[in-house]
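The values are calculated or read from the model by the stated rules, or taken from the named source; none is laboratory data. In this text the structure is predicted, and so the values were computed from the model without any measurement. Reconstructed Cβ throughout: ideal geometry from the backbone, glycine too, with neighbour counts over all protein chains shown.
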Amino acid sequence: MVEDDAVLEAWAAAVKADTRANNLLKNFRTLQLELDERSRQAVLMRHVANLLTATAGPGPLAHLILDVLCNELRAGQGLVWVLGQDRYLATHGMGFDRKQLNSLWLPVPHPFPHYPVLIYQCQWLEMDSLPPGLKLIQAKPEDGLFFVPFEHQTLLVGFAVLSVARSRNLQSVEQESMEILQRLFAAALHGTWMMLDLQHQREFLREESRSLKVRAEALDQRNQALRQGQSLQVDFLAYAAQALREQLDAVLARIGELRKGRNLQEEVREGLLLDGLLAGRHMGELLRLLLDLAKPDLSVVEPHPLALKRFFEAFNPQVAAFLRREGGLLVLPEAPDLPDVMVDEETLRQVLLNLCAGALSSSGDGSLRLWIEREPMSISLKLWIEGLDLGETTAVFNARKTMLPEGQFPEGQGGTGLGLVMCHQLMTAMGCDLTLERNTDGGGTTIVMELPVA
């Protein structure tokens with residue numbers, strides 16, 4: 001009995017050892033299979049990484065992506081979309097021609113807007129919620145559509161839809177391989193998309209540069225034509241002035257003959273008067289034409305929104321640099337928190353500089369006062385001119401809307417007041433107004449410039 005018990009114990013120990021050996025062998029085979037899979041995974045990733053570094057462009061990348069994914073998932077066919085400028089473009093597919101690919105574009109940022117829930121992870125897609133064209137990807141009736149997204153820093157730069165058997169279940173190692181492949185493909189597609197976007201921006205900037213160059217050349221030609229036209233206009237005016245002077249000399253000579261020849265016959269006297277009258281009328285017509293020709297062309301003035309604060313920051317130092325009598329008070333506006341006005345900046349600057357220069361020349365102590373008053377629909381710039389009294393012509397100046405007729409120019413301290421007339425014409429040409437406010441005691445005049453709010 002003792003020997004039998006020993007045999008049974010030895011037999012039980014042998015069975016346990018054999019079971020342990022079988023388990024160890026089974027674990028070894030499992031580890032060997034996992035090691036083989038890991039080795040295959042490492043080789044695959046190295047191979048894919050090498051191919052990605054040598055592949056450029058969305059088309060070759062999509063071809064590589066589809067080949068690798070179909071091989072890994074044993075898919076019958078599939079289609080790869082790549083992010084474009086404003087849509088997802090179907091770039092490469094197995095069994096699809098170019099016409100079909102062009103019609104299978106999808107919107108951004110959600111490629112399937114009617115899909116109930118779509119997370120950017122590998123998942124099965126429901127056929128009923130997909131566009132009709134995507135059902136062409138299904139290779140066999142028992143297959144399902146498997147969604148593989150390529151997301152780079154929350155940006156879906158592309159994705160693939162593959163026809164995979166529904167019975168296909170990914171093991172943990174295969175899921176890890178898919179995650180690594182997704183990251184690699186997403187990084188490659190993002191780099192390609194960035195390059196295409198930069199190329200598109202460069203083309204856009206090149207077109208803008210070409211357009212600006214054409215406009216600059218046109219403006220240069222226009223400025224050259226304007227300069228040449230002004231030069232010719234000045235030459236013509238000088239020639240016409242000389243001709244008018246000769247005609248005036250002839251008229252004066254006729255009048256001199258009439259004054260000297262007291263005993264001339266009546267017919268001769270009438271002939272001399274008629275010649276002088278006709279010459280005077282002809283000179284009057286020529287002078288009218290010359291005045292029309294000499295008028296400044298104000299049609300090119302185009303008002304734009306202008307910030308008064310920025311304008312006076314540059315304008316005030318220019319006025320402060322004027323020569324003026326010492327001791328005078330210089331009051332200039334700063335224009336804080338005022339809306340923009342619709343004016344031509346250069347025209348407004350020239351008008352204000354001219355008026356300020358006139359105000360300083362007529363000021364007794366070299367003082368200047370320019371201030372701003374806010375109106376409901378406009379902004380008024382007011383300039384006080386101490387020594388200017390236009391008298392009754394102020395009402396005539398304010399009443400006119402066009403050039404004053406001959407003989408009605410307001411008489412100011414410095415002469416005929418032609419500068420005020422030109423400033424008024426420049427202001428009205430850009431949609432503003434210039435009026436005069438005479439002091440009740442006759443001690444000065446306020447020039448009011450009304451600027452419309454932008």
query: Which condition breaks for Leu258 when tested against (1) modelled with pLDDT of 70 or more; (2) not assigned by TED's automatic domain parsing to the domain that holds Gly364?
result: (1)
- prompt: Which condition does Ala75 not pass, out of (1) modelled with pLDDT of 85 or more; (2) closer than 27 Å to His200 by Cα, if it passes all the others?
  reply: (2)
Test: Leu104 is aliphatic (A, V, I, L, M) and either surrounded by fewer than 18 Cβ atoms within 10 Å (Cβ to Cβ) or under 32 Å from the mean Cα position of the chain (by Cα) (or both): no
- prompt: When you go through Ala357, Ala335, Ala307, Ala279 one by one, which is the residue that is under 21 Å from Ser380 (Cβ atoms), modelled with pLDDT under 75 and either in contact with a Phe, Trp or Tyr (Cβ under 7 Å, 6 or more places away or on another chain) or surrounded by 15 or more Cβ atoms within 10 Å (Cβ to Cβ) (or both)?
  reply: Ala335
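Kindly indicate which of Ala335, Ala314, Ala321 is more than 26 Å from Asp365 (Cβ to Cβ) and in the same structural domain as Pro376 (by TED's automatic domain parsing).
Answer to the check: Ala314.
Condition check ((1) surrounded by fewer than 15 Cβ atoms within 10 Å (Cβ to Cβ); (2) touching a strand residue (DSSP E or B) at 6+ places or on another chain (Cβ under 6 Å); (3) assigned to a helix (DSSP H, G or I); (4) free of Cβ contacts under 8 Å to residues at least 40 places away in the same chain) across all residues:
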{"residue": "Leu184", "(1), (2), (3), (4)": "no, no, yes, no"}
{"residue": "Trp193", "(1), (2), (3), (4)": "no, yes, yes, no"}
{"residue": "Leu196", "(1), (2), (3), (4)": "no, no, yes, no"}
{"residue": "Gln199", "(1), (2), (3), (4)": "yes, no, yes, yes"}
{"residue": "Glu203", "(1), (2), (3), (4)": "yes, no, yes, yes"}
{"residue": "Glu208", "(1), (2), (3), (4)": "yes, no, yes, yes"}
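One line per residue, one yes/no per condition, for (1) under 24 Å from Ile180 (Cβ atoms); (2) touching a residue at least 40 places away in the same chain (Cβ under 8 Å):
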residue: Leu64; (1), (2): yes, no
residue: Leu69; (1), (2): yes, yes
residue: Val82; (1), (2): yes, yes
residue: Ala90; (1), (2): no, no
residue: Lys99; (1), (2): no, no
residue: Gln123; (1), (2): yes, no
residue: Asp143; (1), (2): no, yes
residue: Phe146; (1), (2): yes, yes
residue: His152; (1), (2): yes, no
- request: Considering every residue within the stretch 41-62, establish whether at least one is part of a loop (DSSP other than H, G, I, E, B), surrounded by 10 or more Cβ atoms within 10 Å (Cβ to Cβ) and either over 50 Å from the mean Cα position of the chain (by Cα) or among the polar types (S, T, N, Q) (or both).
  value: yes
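Every residue in the stretch 145-174 that is more than 48 Å from the chain's Cα centre (by Cα) and surrounded by fewer than 18 Cβ atoms within 10 Å (Cβ to Cβ), please. Full working, then the answer.
Quick first cut of the stretch 145-174, residues more than 48 Å from the chain's Cα centre (by Cα) only: 164-174.
Ala165, Arg166, Ser167, Arg168, Asn169, Leu170, Gln171, Ser172, Val173, Glu174 - these are the residues of the stretch 145-174 that are more than 48 Å from the chain's Cα centre (by Cα) and surrounded by fewer than 18 Cβ atoms within 10 Å (Cβ to Cβ).
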- request: State yes or no: is Asn50 closer than 30 Å to Gly191 by Cα and modelled with pLDDT of 80 or more?
  value: no
- request: Select, from Ser362, Ser378, Ser367, the only residue that is of a type in the set (Ser, Thr, Tyr), at pLDDT 65 or above, within 23 Å of Val341 (Cβ to Cβ) and out of contact with any His (no Cβ under 6 Å at 6 or more places or on another chain).
  value: Ser378
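Could you please let me know if Leu69 is under 21 Å from Leu170 (Cβ atoms) and aliphatic (A, V, I, L, M)? Outline the logic, then answer.
Details: under 21 Å from Leu170 (Cβ atoms): yes; aliphatic (A, V, I, L, M): yes.
For Leu69, the condition - under 21 Å from Leu170 (Cβ atoms) and aliphatic (A, V, I, L, M) - is met.
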- request: Tell me which of these Ala56 doesn't satisfy, since it passes every other one: (1) farther than 30 Å from Ser172 by Cβ; (2) free of Cβ contacts under 8 Å to residues at least 24 places away in the same chain.
  value: (2)
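Going by what's in this entry, would Glu373 be described as modelled with pLDDT under 85 and of a type outside the set (A, V, I, L, M)? Before the answer, list the steps.
Values: modelled with pLDDT under 85: no; of a type outside the set (A, V, I, L, M): yes.
In short, no.
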message: Looking at the stretch 168-206 only, could you name the residues that are within 30 Å of Thr30 (Cα to Cα) and polar (S, T, N, Q)?
response: Asn169, Gln171, Ser172, Gln175, Ser177, Gln182
